[in-house]
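Here is the structure we will look at, set down as structure tokens.
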4 protein chains.
Amino acid sequence: MIIIMKAQATQSQIDAVVRRIEECGLRAHLSQGEERCIIGAIGDDRPIAKDSFLLLDGVEQVLPILKPYKLASRDFQPANTTFRLDGVTIGTSSIVIIAGPCSVEDRNQYIETAFAVREAGAHALRGGAYKPRTSPYSFQGLGEPGLEILAEARERTGMPVVTEVMSPEQVPLVAKYADVMQIGARNMQNFALLHAAGESQHPVLIKRGMMATIEELLMAAEYVLSHGNRRVILCERGIRTFETATRNTTDINAIPVLKEATHLPVILDPSHSTGKWEYVTAIAKAAIAAGADGLMIEVHPNPAEAKSDGAQSLKPERFAELVRQVRMIAEAVGRDLKASEHALVQ
Amino acid sequence: MIIIMKAQATQSQIDAVVRRIEECGLRAHLSQGEERCIIGAIGDDRPIAKDSFLLLDGVEQVLPILKPYKLASRDFQPANTTFRLDGVTIGTSSIVIIAGPCSVEDRNQYIETAFAVREAGAHALRGGAYKPRTSPYSFQGLGEPGLEILAEARERTGMPVVTEVMSPEQVPLVAKYADVMQIGARNMQNFALLHAAGESQHPVLIKRGMMATIEELLMAAEYVLSHGNRRVILCERGIRTFETATRNTTDINAIPVLKEATHLPVILDPSHSTGKWEYVTAIAKAAIAAGADGLMIEVHPNPAEAKSDGAQSLKPERFAELVRQVRMIAEAVGRDLKASEHALVQ
Amino acid sequence: MIIIMKAQATQSQIDAVVRRIEECGLRAHLSQGEERCIIGAIGDDRPIAKDSFLLLDGVEQVLPILKPYKLASRDFQPANTTFRLDGVTIGTSSIVIIAGPCSVEDRNQYIETAFAVREAGAHALRGGAYKPRTSPYSFQGLGEPGLEILAEARERTGMPVVTEVMSPEQVPLVAKYADVMQIGARNMQNFALLHAAGESQHPVLIKRGMMATIEELLMAAEYVLSHGNRRVILCERGIRTFETATRNTTDINAIPVLKEATHLPVILDPSHSTGKWEYVTAIAKAAIAAGADGLMIEVHPNPAEAKSDGAQSLKPERFAELVRQVRMIAEAVGRDLKASEHALVQ
Amino acid sequence: MIIIMKAQATQSQIDAVVRRIEECGLRAHLSQGEERCIIGAIGDDRPIAKDSFLLLDGVEQVLPILKPYKLASRDFQPANTTFRLDGVTIGTSSIVIIAGPCSVEDRNQYIETAFAVREAGAHALRGGAYKPRTSPYSFQGLGEPGLEILAEARERTGMPVVTEVMSPEQVPLVAKYADVMQIGARNMQNFALLHAAGESQHPVLIKRGMMATIEELLMAAEYVLSHGNRRVILCERGIRTFETATRNTTDINAIPVLKEATHLPVILDPSHSTGKWEYVTAIAKAAIAAGADGLMIEVHPNPAEAKSDGAQSLKPERFAELVRQVRMIAEAVGRDLKASEHALVQ
């Protein structure tokens, strides 16, 4: 961090800042300009409460220099993180598509959709058994019976499943059934949950909070990584802005920013980031063009009957068309979109 | 809800919408205009997935009419909710001030601050034993030993204590030590935690998420209320906007909006909503002028040494001055700011 | 518009609303539900101050139904607007790229850059002679001498030029020199300027304000169109959000939303929407993947010496690489990116 | 500015940065840490394109230190700017209230309202003759006949008038009729207009753009001040955020931030910052409690008939009640709200 003293700061004020820097286990480096003194604090200042320096007399500004995340950064690990789920590897040049209904509503419907999305080109399944809902009066998910349906779908289709976990207590149960535990946007800064997910050593997909900065998303990943759990996927799903034409604003800039800042796989969820099925394919293509490693797409056999998120769900045939178009984009950027291994062997 | 059909909608499309409305247990009321047909759905549509109507053929727009919250609304309960904590009643014409350090760091320092804020005019104590921190490398709170310090401070000063709870598992423990459980901004849509707080029947203070609309804050309260737990306090603490001159943007409009929409007590936390101690007193006064029922203020005996939020903490003597100024505003709006009963009896 | 009466509205209140609707030249259509009365106002309510109905006794909500823009809408004109500039037609399946430095700084440098971007594949030139700058102490542009340099560049390269106009008085002068007058983001709701641009009958490129909704952008276009000037290009250039990792947040959703809502050509400026040259190519590709009709790119022969926007400017060789990659995306979405006709004839 | 070099920056890269600093007329001050070199650029760097340093090899970050505004800052002028309009002085401890209809619609109605607001306690009149409207189909104001009505109201009531100017060409005309020219929120960065307003040497009221930072508002003032025109009033009128319960979000933090940063008078417009008359009085009181020097309030004799902004306009009797309540707050913060001198003498 750099501490900029006020123009009129006295020598004893400067000395006090230097003393405080040293108490924090850092070294101070003075740069006495003509107008003001600038003090660099040398060493790893990540655990230090930097703002408190603002309160020392004579201090005008405190400027952090080090990024607050370490394990998540490309400086720490230049090569992409890749890891294998059943039948698919994420983080390589091959695009990965996760698809399925917003929530698991019904056994038959879910299994049928699972086969349909596999047929259409998906590599993994999504579906919520525990649903974070704004209203206590809305459908809250099937709970453990929903997890059992997911497990059956995995067994029958061979595809790995991604499903949301909503509290630390649920972590063991969800880890038992799911290949990847999703931490939803509203829980991105649920630090108790991030700790538990880290400790589980189970693959984790973290969705960006709708008002979280990219840096905060990386800090959420850092929580999981700091427990030695390296299998983390980041997912942009739209942020909240003043624009109301779409449910959220897809922060497409986040794709190249994240790909530069971190080695973790980065995917985009255009279903949530737009909120309207009409725009999902266009934004899915944009994501891959911008460098995303994968997509998460809501697909429902009968969106008008969905218990949640119907308006942003694609019918299976439209999803198949999305996959075809996304494959063209993947190839245009020098990547590929393979068919699911399990679809191939059938 | 009102469903607006497209200009070219056919009779069979209209019939399908009516059928769907009736399947949802509502009644349909047609209004055939010259250009288009408008269909009102009559009945309580709160549990219905309204967006799915958008997917029926011929539908152009779906407009909700009923507010999604019920128990939290003034329509449901016109009179203000008031309830008694030890030595103070919240929700009346008397302003309530909750004060103390951001986190409980040290027993002696905390007890000393507790006496200082009581002396200065506070009615309740704040202080975090579990701290939600953006970085896993920052101070995470003392945990249960911190709760014990809070309990000791309560016993010695007579003042009720407010402290944060971060996961459903912590609810019984925190409820044992604290008079009011705080659900922090980052957990405002941690629905597992809201359910657990509701079930506890213990008083709850919900801080507005930095990305949450006023309606979503009321829906978070609805989660707690729906378990029969009526002792809920709402706290505006600033929202995230493009402005960077302050840590957050105090949504002062939220005060009159909430006071009109709900019967629950509404307080404001100017320490978080500004992020700089220099602005805390001005915004505390504004909050009371706008109709808030109370304040939550960070006070630290030595802000430059605070392990968190030092830059926004007031020294006790500045806090005493804040109380004096806030009292003037309270009286100017026909309210009062009584001394703590426990301060009086000493 | 639809007017929703309060549950307890009286017959005389309903009558007063009906009377007011009729005074506005509309017809009223009552729908008496069991709980409340809903009144549809039939006719073109665009010029009506709809909010004022909120003030009539017994009114609870006023819901607009008609979109506020008409000439800009696809309902009004289903086919894409296309028009020819010198050597290029905008709005067709061929992608159009406008490139050049942020501002015209120097004759030789500008002419050299113009040839370089033509060589690299641009179809039109950009460059500001009048610069909107946040600070009065920053370089404000060369003024008319800058326009003369633009005219020379046009003559020598054969490419049409796009340049910004900042006030109604400048319209005749800028129209004399430029093929397309740009209305910058900060002037998107400078209605005096929009009127003057409309009256000029000269092609206009409107950049979305950083605080403007998509609907407001379409209303800005409506101002120009309402003067019978149909040659309007819309340009997404990023909106202002809480995210600070990039200068603005590219609203990529705006591309499919606009392409659905309007017949006007839609382009994207990734230089401004990201603010960092490192991200420009990724977002340029995303724009075309999402359906944009063109791009506007800042190119400078020596960005480190640019008087404005250096950090977001590409060097000519990087721009040539961008064009190559964008061409691949254009082909993947069934479009093309032709070489400039003028580059071909050379 | 401070330039932070990358950890691996070479000596020749450092030398190049130093050379560039010196070419800009500044002096360089090196601070060679163990990990990286930090270079301070000493001197007034306001006119320098700081971002371009980012493009020099080896540079990691560029941090501005000096505030970009000078004449507007309290460092430049510690004492409050005060100036006299007819019958009232702005910027002193006396609160100033500007009131009147959104737009001048009708001579009789305007004159009547002018007397009513003077009677109720206003010190100056507002009213638009030129109206910035989102839609070209909405009422655009009466133009010069509206200015004549304002002049008549001024003559008859003795109160100064504030009215909006929308383009540089209108400046002489508006300056002839109005005591204060208002630059509206949508024109806050209309730099041609700011220049013209500065040159006019006429008092100017600048409304904050709905997505402008506080710093940008001060830079808009700097444009006017840089022409030697010192009579500038700043007006917070709400910013655009994700919250839709109110038309805008009142940035109440801006009041103490601006009062600390600048010597210029700061007022607040709660009519626009809330958009609903029900909340205007609460926010007016909050503004004065937070330290504002005045208020701008929309008052209309019959809001339901207003051609614009009816929903946020107060009836004269409610405005009189607002003045009474605001006076109580003014006194509670050690200020006063005098009756208009012209009201007194009548």
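Take D:Thr89, move 7 Å from Cα toward the beta carbon, and the resulting point lies 4.8, 7.0, 7.9 nm from the same point in each other copy, nearest first.
Shielding value for D:211-219 is 5, the average number of Cβ atoms from other chains within 10 Å of each residue's Cβ. Per-residue shielding of D:273-282, expressed as the average number of other chain Cβ atoms within 10 Å of the residue Cβ, stands at 5. Out of every Cα-Cα pair that region D:259-346 contains, those further apart than 22 angstrom amount to 30 percent.
Residues A:Glu317, B:Glu321 in ascending order of nearby Cβ atoms (within 10 Å, fewest first): A:Glu317, B:Glu321. As a proxy for reagent exposure, A:Phe191, C:Phe76 were ordered by neighbouring Cβ count within 10 angstrom, fewest first; the result is C:Phe76, A:Phe191.
Across the identical copies, the 7 Å label point of C:Glu305, projected outward along Cα→Cβ, sits 5.7, 6.7, 6.9 nm from its counterparts, in ascending order.
Between D:Glu22 and B:Glu305, what FRET efficiency follows from the Cβ-Cβ distance if R0 is 51 Å, with the result rounded to 0.05?
For R0 = 51 Å, the calculated efficiency reads 0.75.
Peptide D:303-313 is shielded by partner chain Cβ atoms: per residue, an average of 5 of them sit within 10 Å of its Cβ. Taken over region C:182-315, the convex hull of the Cα atoms encloses 107 Å³ per residue.
Residues in region D:117-122 carry Karplus couplings, in order, of 6, 5, 4, 7, x, 6 Hz; the curve used is 6.51 cos²θ - 1.76 cosθ + 1.60 with θ = phi - 60°, and Gly or Pro positions show x. Label-point spacing for C:Gly228 across the identical copies (point 7 Å from Cα in the Cβ direction), in nm and ascending order: 4.6, 7.5, 7.9. Chain A residue nearest by beta-carbon to the axis mapping A to D, with distance in Å: A:Ser31, 2. As a rough footprinting exposure proxy, the listed residues C:Asp51, D:Asp336 were ranked by other beta carbons within 10 Å of their own, and the order from fewest upward is D:Asp336, C:Asp51.
For region D:316-340 versus region C:27-77, the inter-centroid distance based on Cα atoms is 38 Å.
Rounded to the nearest whole angstrom, the semi-axes of the ellipsoid equivalent to region A:47-118, taken from the Cα gyration tensor as √(5λ), stand at 47, 20, 8, largest first. The number of Lys pairs in region A:83-345 with C-alpha atoms less than 16 Å apart, excluding pairs fewer than 8 positions apart on the same chain, is 8.
A quarter of the convex hull surface defined by the alpha-carbon atoms of the protein assembly as shown gives 47.6 nm² as the mean projection.
Around the amide H of A:Ala129, modelled in the peptide plane, lie the amide H atoms of A:Val104, A:Glu164, all under 5 Å away and 5 or more residues distant in sequence or on another chain. For the Cα trace of chain C, dividing Rg by the Kirkwood Rh returns an Rg/Rh value of 1.07. Note on chain B: helix-only mean residue ellipticity at 222 nm, from DSSP H runs of 4+ residues weighted -39500 (n - 2.57) and normalised by residue number, equals -10500 deg cm²/dmol.
Here, P(r) means the percent of Cα pairs in each 5 Å bin from 0 to the largest distance; for region D:2-63 it is 4, 21, 36, 26, 10, 3, 0. Multiplying each eigenvalue of the alpha-carbon gyration tensor of region A:148-221 by 5 and taking the square root yields semi-axes of 24, 13, 9 Å, largest first, rounded to whole angstroms.
Throughout, read-outs are computed from the coordinates displayed, never taken from laboratory work. Computed from a prediction, not measured in an experiment: that's the story for all the values here. FYI the Cβ positions are ideal-geometry reconstructions off the backbone, even for glycines, and counts take in every protein chain you see.
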